[in-house]
Amino acid sequence: MKPLEGIKILDFSQYLAGPSSTLRLADLGAEVVKIERPGKGDGCRDLYVPDCTIEGESPLFCAVNRNKDSIALDLKAEENTEILKKLLWEADAAVFSFRPGVAEKLGLSYKQVKQVNPRLIYGEVSGYGQTGPWSTKPGQDLLAQCISGLPYLNGNKEDAPTPLGLSLADMFAGQHLVQGILAALIRREQTGQGAYIQVNLLESILDIQFEVLTTYLNDGHELPVRSAVNNANAYISAPYGIYETKEGYLALAMSSIVVLGELLGCEALTKYTDESEWATKRDEIKGILKEHLMHETADYWLSILETADIWCAKVLNWKELFETEGFKQLGMLQEIYRDGKEIFKTTSCPIKFDGERYYSEKPVPSIGQDNEKYIRR
């Protein structure tokens, strides 16, 4: 039995942040029902990657909405009011991602829903919160990353601000919402009380910067200075970064510069015996490393450094990663089936429960495919 079996969740959200939270809850055993617009459905269905669709749907939609059911319901139609009330009464939690003011117009604000089901856990994800001057800004991942200051941590010193190549704000907001919902479920068992859980993209992307922001807040508000050479973290001394070699790339984490110099046969590095210089002369040291590491392949350097227990790794692309025994042993990939036929591959839930990894073959739903199952007029 999965830990959330018996828990029913209504998903009124679209795109990535909200649906990523309900995906995780579904993988842990919850029954998740998407509430979609008739005909159109979740806007994410149309976010296509060029030259790649799965059964005519966006790969992103398929990845984040597998293992769910779908109801097509016009939320503005008065004749559906009682249906909504019944669905909300039967649910344990509901997830929303409406723009400010929309939920109230639809009769789906927390105050309104609480009158229907006081035990309901109401989860809300937004771009920048529901109040304040930024509340009406588009809740989009790239925009949230840029407002948060994160792009100024990536790339080298002279590079333009560089965003991460993932929808990180969306994904962390989704997982923070999961945490809030699970905590509320535990409290409800103790008190019978529902909850109003709010997260937003900006706060989530700020939260994951807690290390560097704490340094900034307690260091005279000095802005971080990215390394001019192979930057990987603006606050960490040399050799921290990714280095090109004769063949392939090598990542070096925290390490003694003197020890590195001895292991790599780089006499120039052994002169930096004052550890404070590893920070103050960071770019100078990394420049020496950058030139020296080009003389041999990544595999050659790894054979020396790993044996000496130096924190390092070869930089892999996905093809290389998937061919490694280490990745195969994880069991992270799964196949999704419809009518006994495999339709796509994707990642699985990364959480093991009592030593078991949860897989689900259930594909994404078509719009409204489960109306008959859930709607009883």
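Screening Y196, Y300 for residues that are surrounded by fewer than 17 Cβ atoms within 10 Å (Cβ to Cβ), at pLDDT 95 or above, of a type outside the set (K, R) and within 30 Å of L182 (Cβ to Cβ) leaves exactly one candidate, Y196. Counting only residues that are free of Cβ contacts under 8 Å to residues at least 60 places away in the same chain and buried (at least 21 other Cβ atoms within 10 Å of the Cβ), region 52-83 holds 2 of them. Residue pairs whose Cβ atoms lie under 8 Å apart, separated by 6 or more positions or on different chains, with the first residue in region 331-351 and assigned by TED's automatic domain parsing to the domain that holds V64 and the second surrounded by fewer than 13 Cβ atoms within 10 Å (Cβ to Cβ) and small (G, A, S), are S348/G331.
So is Q145 crowded, with 16+ Cβ neighbours inside 10 Å, of a type in the set (S, T, N, Q), part of a helix (DSSP H, G or I) and modelled with pLDDT of 95 or more or not? Spelling it out, Q145 is indeed crowded, with 16+ Cβ neighbours inside 10 Å, of a type in the set (S, T, N, Q), part of a helix (DSSP H, G or I) and modelled with pLDDT of 95 or more. On the basis of being outside any helix (DSSP H, G or I), assigned by TED's automatic domain parsing to the domain that holds L84 and under 22 Å from the mean Cα position of the chain (by Cα), does P138 make the cut? Answer is yes for this residue.
Run down K319, K328 and say which single residue is exposed (fewer than 13 other Cβ atoms within 10 Å of the Cβ), of a type outside the set (V, I, T) and within 30 Å of L4 (Cα to Cα).
On the way: K319 fails: within 30 Å of L4 (Cα to Cα).
On inspection, the qualifying residue turns out to be K328.
I want to confirm something. Restricting to region 200-211 and keeping residues that are modelled with pLDDT of 95 or more and part of a helix (DSSP H, G or I), which single residue is farthest from Y235 (Cα to Cα)? Lay out the reasoning, then the answer.
First, pick out the residues of region 200-211 that are modelled with pLDDT of 95 or more: 200-210.
If we keep only those that are part of a helix (DSSP H, G or I) too, we end up with 201-207, 210.
Details: L201: 24, L202: 22, E203: 22, S204: 21, I205: 18, L206: 17, D207: 17, F210: 13 Å.
Of everything passing the filter in region 200-211, L201 is farthest from Y235 (Cα to Cα).
Within region 237-247, the set of residues being buried (at least 17 other Cβ atoms within 10 Å of the Cβ) and either part of a loop (DSSP other than H, G, I, E, B) or of a type in the set (G, A, S) (or both) comprises S237, A238, P239, Y240, G241, T245.
The set of residues from region 323-351 being under 22 Å from T53 (Cβ atoms) and more than 20 Å from the chain's Cα centre (by Cα) comprises E335, I336, Y337, R338, D339, G340, K341, E342, I343, F344. Of all the criteria given as (1) surrounded by 13 or more Cβ atoms within 10 Å (Cβ to Cβ); (2) over 22 Å from Q14 (Cα atoms), the one not satisfied by A160 is (1). For region 115-129, the set of residues classified as surrounded by fewer than 16 Cβ atoms within 10 Å (Cβ to Cβ) and in contact (Cβ under 8 Å) with a residue 12 or more places away in the chain consists of P118, R119, listed by residue number. Per the conditions (1) within 23 Å of N156 (Cβ to Cβ); (2) exposed (fewer than 14 other Cβ atoms within 10 Å of the Cβ); (3) not aromatic (F, W, Y), the sole criterion not satisfied by E275 is (1).
The condition of being over 15 Å from L293 (Cβ atoms) and out of contact with any helix residue (DSSP H, G or I) (no Cβ under 8 Å at 6 or more places or on another chain) holds for N231.
Considered as a group, the residues in region 342-370 that are farther than 26 Å from E36 by Cα and basic (K, R) include one that is surrounded by the fewest Cβ atoms within 10 Å (Cβ to Cβ), and that residue is K352.
The values are calculated or read from the model by the stated rules, or taken from the named source; none is laboratory data. Only a predicted model underlies this, so the values are computations on that prediction, with no experimental measurement involved. Backbone-built Cβ (ideal geometry, glycine too); neighbour counts: all protein chains shown.
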